[in-house]
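Student: Please see the structure below; I have some questions.
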Amino acid sequence: RTGSQERTLIDLSDLPVAEKTVKPLEEQGELESRKIWSPVATSMLQGKFGEATQLKRDIEDQQRKLAAARKERNEQFVPALFKTESQIEGRPELLENAPINI
């Protein structure tokens, strides 16, 4: 939005939606995105935006604490699913031994 005018940058409405298959939250690992962010999404859907904002801040604070602890131990972050420096056609490349949880 610029000033009082709206402008569409990219219209994605004609693109097909990719089907997603995921395990139920109770079967997901503790660090899986859907499990971590589910309370935020639930609060937003209920219109509890202040609560959602606080939950988001709590998650981000916890992630910063984990990063600081790794740094203190001189431990580098190692992704569980994707190669750090590789991309194929603009998409991250999945590790051969990635523990995909679907």
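The values are calculated or read from the model by the stated rules, or taken from the named source; none is laboratory data. This structure is a prediction, so every number in the text was calculated from the model and none was measured. Please note: Cβ atoms are built from the backbone with ideal geometry, for glycine as well, and neighbour counts cover all protein chains shown. Ligands, DNA and RNA are excluded from the accessible area calculation, which covers all protein heavy atoms including side chains. Shrake-Rupley method; radii C 1.70, N 1.55, O 1.52, S 1.80 Å.
Student: Working carefully through the options Val17, Val78, Val22, find the one that is part of a loop (DSSP other than H, G, I, E, B), touching a residue at least 24 places away in the same chain (Cβ under 8 Å) and not hydroxyl-bearing (Ser, Thr, Tyr). Walk me through how you get there before you give the answer.
Tutor: Details: Val17 fails: touching a residue at least 24 places away in the same chain (Cβ under 8 Å); Val78 fails: touching a residue at least 24 places away in the same chain (Cβ under 8 Å).
Within the list Val17, Val78, Val22, the selection yields Val22.
Student: Could you count how many residues in the range 51-75 are open to solvent by less than 100 Å² (accessible area, probe 1.4 Å), over 28 Å from Pro24 (Cβ atoms) and in a helix (DSSP H, G or I)?
Tutor: The total comes to 4.
Student: Lys20: open to solvent by less than 100 Å² (accessible area, probe 1.4 Å), of a type in the set (D, E, K, R) and under 17 Å from the mean Cα position of the chain (by Cα), yes or no?
Tutor: Details: open to solvent by less than 100 Å² (accessible area, probe 1.4 Å): no; of a type in the set (D, E, K, R): yes; under 17 Å from the mean Cα position of the chain (by Cα): yes.
Answer is no for this residue.
Student: So Val40 passes all but one of these: (1) part of a helix (DSSP H, G or I); (2) in contact with a strand residue (DSSP E or B) (Cβ under 8 Å, 6 or more places away or on another chain). Which condition number does it fail?
Tutor: Answer for Val40: the failing condition is (2).
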